[in-house]
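First comes the structure, then the notes that go with it.
The values are calculated or read from the model by the stated rules, or taken from the named source; none is laboratory data. From a predicted model like this one, the values you see are computed outputs, not experimental measurements. Every residue, glycine as well, gets a Cβ built from its backbone with ideal geometry; the counts of neighbours run over all protein chains shown.
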Amino acid sequence: MNDTCNNNTGFTLVELIVVMAVFMVIIAVAAQTFNTIVTNSIKYSKSEESNIEGIIGLEVMRHDLEQMGFGLPWKFKPDSTISSSEYSECENALGEELNDAPGIPRAFAGRDGYGEYGSDFIAVKASTLGVASTSLPWSYVPYHNYSTASGGESRPVSWSSQNIQPGTKVIAIRSNFNDENDDHVLMENSGSYAFDYATDGTIDEAFLPETDQQTHLIYGISPTTPRMPFNRADYFINYSSSGAPSPPDYCAENTGVLYKAVVNHSTGDYDYMPLLDCVADMQIVLGWDTSEQGKANNVDAYSSLPTSDGTVTASPATATSWIKNWLTVSAGDPEKIPRNIREHLKVIKVYILAQEGRRSRYYTYPEPSMIVGKDCKSAETADIDCGSSFTRSYTFSSEQRKFHWKLYRIIVRPKNLVSNQR
């Protein structure tokens, strides 16, 4: 009789080796797939982070460019007592070149190639550009606006929760559309700072309208004593001398952070607000109406910002001398440059080249360079041949080509300039 209970069955050594080899192949493939998924996930998530940063940060810049000139005085009183001790501006070494103090402020000031890596630099001026909420409200005082509760004094028109709060430091600008010499004049008092006061629901007599043709516009500026009768925000790629923090470690070489740097009223230095990381370049193109006082309401010329020595590139070339004078030459008239900018500037176009996502070991950017700031066309006019006047061919290094890149465009018609109110 056979003893079947003693039969032993199992796998041979060869079979075990084959099975282990198959499992090792499967595990290796799975690990590589998982690594690819994780790598792509990180790449796409960082890419989306860059896109979100671009949307949010550049919307701040777009808003400020649109607001330029809001609440700015156009002239001082003939017997003005404002001095440099009362009206000073930026004290950061980088921004001092764009100061107007103690003169009439321009809606913007900028320099071509003045920022890091040959990028452009622009300072925007308006009452609404401060970081404190006190810079947002505004009101007005008509000639006949009395309050029996305050003893018959004129006071700002109240808009409840949006009204200027007591203690807010504000400026008063006289509006008189029937008298050009008495329009948009900065009001002054005899205090230590001639152009500001803290509103408490009533208005100092020095700031009240004197005739029924006058209305005083009241703009919130700062919670502390203002050093200038407006707020100012400078936009630039972080610069070694600006004191701005260094860019993140994951940024490509020769890139920095695009900052909104607000001039602090107490110190004159910058309060930094990062808008977009890993920016390689920013170029700005200006669109102009060159007709008399800009009354054609049409963009018929484009230009660069002026360089530090005042050089301006324009297209058509015949507009170069006009635009240069509008941007840089006052000819002894302190109101001339601000007025020309208000009357002739129509469009500002900003081009920002920024890294998208993080470095990829197996990726090479397909182009060795990118054109930044080429578009000089406008919907309001026939195409203007810019040639290479406003272009910058940005050449990527071999290391930079390990990154994805994106060109952001901001096109703004500043709505508070006279040229865009006709």
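Structural remarks
- Hits in the stretch 91-114 - residues which are part of a loop (DSSP other than H, G, I, E, B) and either within 18 Å of residue 325 (Cα to Cα) or in contact with a Leu (Cβ under 9 Å, 6 or more places away or on another chain) (or both): 99, 100, 103, 104, 105, 106, 107, 112, 113, 114
- Filter result for the condition that a residue is buried (at least 20 other Cβ atoms within 10 Å of the Cβ) and farther than 24 Å from residue 393 by Cα, over 327, 305, 286: 327
- Boolean, residue 310 is over 30 Å from residue 359 (Cα atoms), assigned to a loop (DSSP other than H, G, I, E, B), touching a Cys at 6+ places or on another chain (Cβ under 9 Å) and in the same structural domain as residue 111 (by TED's automatic domain parsing): no
- Restricted to the stretch 96-110, and to residues there that are surrounded by 22 or more Cβ atoms within 10 Å (Cβ to Cβ) and over 14 Å from the mean Cα position of the chain (by Cα), the residue that is nearest to residue 352 (Cα to Cα) is 106.
- Qualifying residue in the stretch 351-373 (condition: within 30 Å of residue 293 (Cβ to Cβ), modelled with pLDDT under 90 and surrounded by 20 or more Cβ atoms within 10 Å (Cβ to Cβ)): yes
- All positions within the stretch 301-319 that are closer than 19 Å to residue 346 by Cβ and among the polar types (S, T, N, Q): 303, 304, 313, 315, 318
- The listed residues are 257, 263, and the only one of them that is at pLDDT 95 or above, buried (at least 21 other Cβ atoms within 10 Å of the Cβ) and among the β-branched types (Val, Ile, Thr) turns out to be 263.
Each row is one residue, and each column tells you yes or no for (1) under 23 Å from the mean Cα position of the chain (by Cα); (2) part of a strand (DSSP E or B).
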| residue | (1), (2) |
| --- | --- |
| 227 | yes, no |
| 233 | yes, yes |
| 245 | yes, no |
| 250 | no, no |
| 262 | yes, yes |
| 283 | yes, yes |
| 287 | yes, yes |
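- So residue 151, is it under 30 Å from residue 391 (Cα atoms) and either at pLDDT below 90 or surrounded by fewer than 16 Cβ atoms within 10 Å (Cβ to Cβ) (or both): no
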